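The block underneath contains the structure these notes are about, expressed in structure tokens.
The values are calculated or read from the model by the stated rules, or taken from the named source; none is laboratory data. On a predicted model such as this, the values are computed, not experimentally measured, just so you know. Glycine also receives a Cβ, built like all others from the backbone with ideal geometry; neighbour counts cover every protein chain displayed.
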Amino acid sequence: MALAVAIFALVVVGALVAGAFFAGTQEQRVGENQRRVQQSFGVAEAGAQERVMSWQPEQMNKRLPYPQDSVVIGPNQPAPSGTGSYGGYSYKLGSNIFLIDVTGRDRASAGGAIAGGGGARQRIGLITRIAPIDFGIHASLTTQGGVSLSGNADVNGADQVPTGWASCDPPGATQPGIRDNGSNVSTSGNGSVQGNPPVVNDPTINNNSFTTFGGATYAQLAARATITLGSGTYKTNPALNGAGQCNQANLLNWGDGMNPAAPCGNYFPIIHIAGSATLNGDQGQGILLVDGDLNVQGSYQFFGIVIIQGDLKTSGGGSTDAHFWGGVMAQNADLSVQNLSGKATLNYSSCSILSALQATSPISMMRQRGWVQLY
């Protein structure tokens with residue numbers, strides 16, 4: 001009898017020990033799995049944020065919307081500090097909206113070190129939008145110096161759509177032709193200023209109006225420039241490579257605003273002139289930053305935003321007017337006079353401004369419901 005009781009006790013104790021060992025092993029496995037899941041989640045979040053920070057607007061913003069186009073992320077992009085790897089896709093959901101879909105795996109799972117070939121992974125999505133810079137452009141020409149118009153020069157605040165731009169929204173409200181801080185605006189010959197009103201005096205305009213904007217500074221924009229050139233005289237035209245694609249490596253290729261359906265029609269670079277420049281043909285588009293003075297000759301056409309730290313001088317001529325489509329900001333650091341002459345025309349165009357901003361602006365996560373866990 002005593003032997004039977006002893007054997008039974010040993011069986012019970014053995015079962016308890018085995019149960020405790022099994023429970024401990026399972027708890028360890030659950031904890032390890034949970035750790036890998038959390039680490040994979042962190043890798044996915046880091047990958048999504050890294051994608052936002054390394055966003056290349058000139059390559060991404062003008063892509064076709066899903067399902068016509070998507071961009072592969074990774075697929076085995078190392079995470080910061082070597083904690084794992086991530087991959088996924090980015091999709092354009094609308095003109096300004098993008099979905100970044102990232103799947104992260106911890107280091108052991110990504111390396112195949114988990115028994116049975118399993119492992120942890122986490123998939124998240126970030127809904128982002130283009131975050132355009134607010135330049136405060138509320139007129140065809142913004143300046144803090146005087147403006148002199150002669151010949152057939154014209155500054156027009158009516159919202160206009162450039163010739164051949166079929167994807168623009170209907171024109172908006174007419175803006176002032178010239179916005180300044182109270183300096184003198186004079187016309188001679190057939191020079192004219194049109195807008196609502198033609199000239200508006202804004203005493204808040206100062207040097208900071210041309211160097212500090214909503215979301216970025218002039219220096220930050222210059223640091224992001226796609227094209228950087230020194231002082232000189234330039235003739236810019238769209239250029240194609242051997243495959244018939246837009247050659248963005250050509251520093252004198254500033255896009256093709258005159259032919260928006262052409263290969264360079266969607267190329268809107270940020271151009272930084274580290275000094276003064278003369279433009280003597282033919283065209284460009286995007287955001288033009290000039291550290292010094294800008295002299296425009298002949299029938300030059302530019303579509304987008306122009307920010308000049310010095311003076312603007314034009315002498316349009318030839319069979320075509322020298323046109324600016326968009327918005328021009330000329331600081332007049334020495335408060336001298338902007339001289340617009342010949343057949344120069346400055347047209348306010350919200351479509352040109354918006355197109356330049358959409359093509360050159362970074363992205364940011366939506367403020368509300370911009371994050372979602374995917375499965």
Checklist line | Breaking point among (1) in the same structural domain as N181 (by TED's automatic domain parsing); (2) at pLDDT 80 or above, for Q373 | finding: (1)
Check: Would it be correct to say that G286 is small (G, A, S) and modelled with pLDDT under 95?
Finding: no
Margin query: Show the residue pairs meeting these rules: Cβ distance below 9 Å; 6+ apart or different chains; first residue within the range 139-153 and over 24 Å from N206 (Cβ atoms); second residue modelled with pLDDT of 85 or more and of a type in the set (A, V, I, L, M).
Written below: A153/L346
Item checked: Hits in the range 82-99 - residues which are within 17 Å of K62 (Cβ to Cβ) and among the β-branched types (V, I, T) -> I97
Note to self: Pairs needed: first member in the range 224-238, in the same structural domain as L294 (by TED's automatic domain parsing); second member anywhere, of a type in the set (S, T, Y); C-beta distance under 7 Å; at least 6 residues apart or different chains.
What the structure shows: S231/S276; T233/T278
Margin query: I'd like the full set of residues that are farther than 21 Å from T163 by Cα, surrounded by 15 or more Cβ atoms within 10 Å (Cβ to Cβ) and not hydroxyl-bearing (S, T, Y), limited to the range 229-239.
Written below: L229
Note to self: Among the residues of the range 59-113, what is the count of those that are touching a residue at least 12 places away in the same chain (Cβ under 8 Å) and within 15 Å of A44 (Cβ to Cβ)?
What the structure shows: 26
Next item on the list: Tally the residues that are out of contact with any Ser or Thr (no Cβ under 6 Å at 6 or more places or on another chain) and surrounded by fewer than 17 Cβ atoms within 10 Å (Cβ to Cβ), restricting the search to the range 155-173.
Entry: 8
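I'd like the residue in the range 256-277 that is within 14 Å of A166 (Cβ to Cβ) and in contact with an Asp or Glu (Cβ under 6 Å, 6 or more places away or on another chain) and, out of all such residues, is surrounded by the fewest Cβ atoms within 10 Å (Cβ to Cβ).
It comes out as A262.
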